[in-house]
1. Report, by residue number, each residue of the range 55-88 that is closer than 10 Å to residue 37 by Cβ and of a type in the set (D, E, K, R).
2. If we keep just the residues of the range 79-128 that are modelled with pLDDT of 80 or more and of a type in the set (Lys, Arg), which is farthest from the chain's Cα centre (by Cα)?
3. Tell me, which helices (runs of 4 or more DSSP H) wholly within the range 27-130 include 2 or more residues that are more than 27 Å from residue 13 (Cβ to Cβ)?
4. Of the conditions (1) within 16 Å of the chain's Cα centre (by Cα); (2) surrounded by fewer than 12 Cβ atoms within 10 Å (Cβ to Cβ); (3) not hydroxyl-bearing (Ser, Thr, Tyr), residue 15 clears all except one; give me its number.
5. Residues in the range 25-65 that are more than 30 Å from residue 114 (Cβ to Cβ), of a type in the set (D, E, K, R) and in contact (Cβ under 8 Å) with a residue 12 or more places away in the chain: how many?
6. Find all pairs meeting these conditions: Cβ atoms under 6 angstrom apart; at least six residues apart or on different chains; first residue within the range 66-88 and surrounded by 13 or more Cβ atoms within 10 Å (Cβ to Cβ); second residue of a type in the set (Ser, Thr, Tyr).
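The values are calculated or read from the model by the stated rules, or taken from the named source; none is laboratory data. This one's a predicted model, so the numbers in the text were calculated from it and none came from an experiment. As a convention, Cβ positions derive from the backbone with ideal geometry for all residues, glycine included, and neighbour counts pool all protein chains shown.
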Amino acid sequence: MSERKKMNLKVAEAIWKEFGAHIATSLESLVFGLNIPEGLLPYPKEKIREALNIGKEYSKTIDDQEAIKTMNNGLEMLEWYVDDYEGVKKASKIWESKVFREYVKTELYDFQKRNFKSLIEHVEKLDKDK
């Protein structure tokens, strides 16, 4: 049986950065709560876990407490991702709750307002200039 090759720091960094960007821009938790299908991840869950652990260990060697905290947060968020079937099954259950649906509606509206405000302002300015 061959021993699996350990991921190098450069590859790990690329993976944890992409995972961080994915988390920062994703609305998955609004749709699925804390049971997001792992098929939506940019890499397999174990590969992301390995990358975050490598980043955490490296951060310890340079005593970067903020990076260690970030890696730990990433590892916690990674646990939101579950088997695809289970994620969809649990999501269908939480969508039965009117409270959850109202929460999602409010969050989506706020997201839209935050992210599209500058675009709307730009279009309005263009309309005024004509």
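1. If the condition is that a residue be closer than 10 Å to residue 37 by Cβ and of a type in the set (D, E, K, R), then 83, 84, 86 are the ones that fit.
2. Applying the filter and picking the extreme gives 98.
3. It comes to 28-32, 84-94, 98-129.
4. (2)
5. 4
6. Within 6 Å, the pairs are 67/59; 68/59.
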